[in-house]
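The values are calculated or read from the model by the stated rules, or taken from the named source; none is laboratory data. All of these numbers come straight from a predicted model, not from anything done at the bench. Counting neighbours? That spans all protein chains shown, and the Cβs are built from the backbone with ideal geometry, glycine included.
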Amino acid sequence: MTNESIQFAIDTLAAEIAQKYADDKRIPHTEAIRLLLGTNTYKLLNDSESFLYLESVEYVLDMLAAEQTGDTERWVEA
């Protein structure tokens, strides 16, 4: 994959995660984006060497939920 296609995959997945999170929590999309951008999950998603961008929306949302509850063991497993 090229750097451009990897970045496209990351951006697309991040947008889908923010939309699903906003829908699930019934919050504005902009608030979900702001929340996502400040997380370690998002930092890992943007690390192309983590290959997290290849995972599903649900997988990354599970990591985000674990991070928010402080369940670091589950976060590392995800």
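Here are the numbers:
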{"read-out": "Selection count where residues are aliphatic (A, V, I, L, M), over 17 Å from residue 58 (Cα atoms) and either in contact with a Gly (Cβ under 9 Å, 6 or more places away or on another chain) or part of a helix (DSSP H, G or I) (or both), scope segment 2-34", "value": "1"}
{"read-out": "Hits in segment 12-57 - residues which are loosely packed, with under 12 Cβ neighbours inside 10 Å and more than 22 Å from residue 1 (Cβ to Cβ)", "value": "23, 24, 25, 26, 28, 30, 38"}
{"read-out": "Criterion violated by residue 70 - all others in (1) part of a helix (DSSP H, G or I); (2) out of contact with any helix residue (DSSP H, G or I) (no Cβ under 8 Å at 6 or more places or on another chain) satisfied", "value": "(1)"}
{"read-out": "Options 32, 22, 15: the member that is under 10 Å from the mean Cα position of the chain (by Cα) and modelled with pLDDT of 95 or more", "value": "15"}
{"read-out": "Every pair of residues 6+ apart whose Cβ atoms lie under 6 Å, when the first sits in segment 23-44 and is among the small types (Gly, Ala, Ser) while the second is surrounded by 17 or more Cβ atoms within 10 Å (Cβ to Cβ)", "value": "32/18; 32/21; 32/22"}
{"read-out": "Residue among 67, 73 that is touching a Phe, Trp or Tyr at 6+ places or on another chain (Cβ under 6 Å) and modelled with pLDDT under 95", "value": "67"}
